[in-house]
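Below: the structure, in structure tokens.
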């Protein structure tokens with residue numbers, strides 16, 4: 001009788017909705033934690049597997065449970081990082097819709113909008129990207145305040161979306177605001193301030209406002225040299241932008257010097273900055289062709305193409 005009673009008690013616990021809910025929460029959280037740890041290690045396939053498991057578990061929760069939207073968001077972001085846009089996009093849309101119904105989840109909704117905007121931008125749907133980024137920006141400003149670093153990052157995304165549509169009038173204030181936000185949030189000598197100045201300098205170069213562009217690029221270079229050292233590959237990214245600026249101004253000697261240094265620094269980290277190196281090589285080759293130095297340009301273009309082919313391989 002004693003054994004039968006214990007068995008009945010155990011069966012009652014198993015059948016208890018509260019016990020089942022607690023077990024589901026524990027299993028869901030475990031998979032989310034595994035996914036987060038894998039994502040931090042850049043093991044995207046492992047993260048995808050864990051987030052898929054979490055999303056499957058979350059389906060058992062009551063309708064409207066925020067954990068369903070959170071699992072879909074993390075899975076969608078991971079799929080996007082893996083280049084699986086067709087699967088990621090509808091999942092992110094569902095995540096945003098689910099999280100919008102949950103109180104206090106505006107920051108997560110903004111994350112979903114940013115991820116959707118990134119996918120739209122990568123697909124050259126710049127108008128859609130700008131709309132997603134603007135919606136994210138409104139939420140982030142409300143939840144985090146106007147001078148939070150996340151706001152600065154979304155401002156840059158929004159500026160790039162307008163820039164890529166050649167809407168220079170709309171893009172410029174967002175670039176300038178991003179610089180101001182990063183300065184207030186992180187200090188004038190922070191790396192993020194350098195990258196924001198770099199983006200503003202590139203934009204002003206494209207707008208042929210060279211006198212305004214050069215100080216932005218110089219400032220970006222000085223910040224990165226101070227923070228990371230003059231030989232860091234990040235400095236090479238800025239030097240390549242300076243090379244393009246000088247080339248546009250027909251300052252050939254200065255352009256060549258900048259491109260040479262840029263390539264030398266970027267070659268130190270070809271995997272981290274492969275596309276930046278490819279772009280620098282292409283721009284350097286273009287300069288050499290303008291100087292009637294085609295034999296020197298040919299191998300640079302070949303290297304750039306090889307790097308791009310490597311980036312596009314699965």
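Got a sec? Which of 311, 276 is assigned to a helix (DSSP H, G or I), closer than 26 Å to residue 188 by Cα, modelled with pLDDT under 95 and under 21 Å from the mean Cα position of the chain (by Cα)? Show your work before the answer.
Details: 311 fails: closer than 26 Å to residue 188 by Cα.
Residue meeting the stated conditions: 276.
Among the residues of region 158-169, what is the count of those that are part of a helix (DSSP H, G or I), surrounded by fewer than 21 Cβ atoms within 10 Å (Cβ to Cβ) and touching a residue at least 24 places away in the same chain (Cβ under 8 Å)?
Restricting attention to region 158-169, the residues satisfying the condition of being part of a helix (DSSP H, G or I) are 158-163, 168-169.
Cutting the leftovers down to surrounded by fewer than 21 Cβ atoms within 10 Å (Cβ to Cβ) gives us 168-169.
Narrowing further to those that are touching a residue at least 24 places away in the same chain (Cβ under 8 Å): 168.
Number satisfying all stated conditions: 1.
Mind telling me which of the residues 71, 85, 110 ends up being in contact with a helix residue (DSSP H, G or I) (Cβ under 7 Å, 6 or more places away or on another chain) and surrounded by fewer than 24 Cβ atoms within 10 Å (Cβ to Cβ)?
85 is the lone residue from the list that is in contact with a helix residue (DSSP H, G or I) (Cβ under 7 Å, 6 or more places away or on another chain) and surrounded by fewer than 24 Cβ atoms within 10 Å (Cβ to Cβ).
Conditions: (1) surrounded by fewer than 23 Cβ atoms within 10 Å (Cβ to Cβ); (2) farther than 29 Å from residue 187 by Cβ; (3) over 28 Å from the mean Cα position of the chain (by Cα). Residue 211 meets all but one. Number of the miss?
For residue 211, the failing item is (2).
When residue 130 is evaluated against the numbered criteria (1) in contact with a helix residue (DSSP H, G or I) (Cβ under 6 Å, 6 or more places away or on another chain); (2) within 22 Å of residue 39 (Cβ to Cβ); (3) touching a residue at least 12 places away in the same chain (Cβ under 8 Å), which criterion, by number, is the only one it fails?
Of (1) in contact with a helix residue (DSSP H, G or I) (Cβ under 6 Å, 6 or more places away or on another chain); (2) within 22 Å of residue 39 (Cβ to Cβ); (3) touching a residue at least 12 places away in the same chain (Cβ under 8 Å), only one is false for residue 130: (2).
The values are calculated or read from the model by the stated rules, or taken from the named source; none is laboratory data. In this text, all values refer to a predicted model and were calculated from it rather than measured experimentally. Every residue, glycine among them, receives a Cβ derived from its backbone with ideal geometry; neighbour counts consider all protein chains shown.
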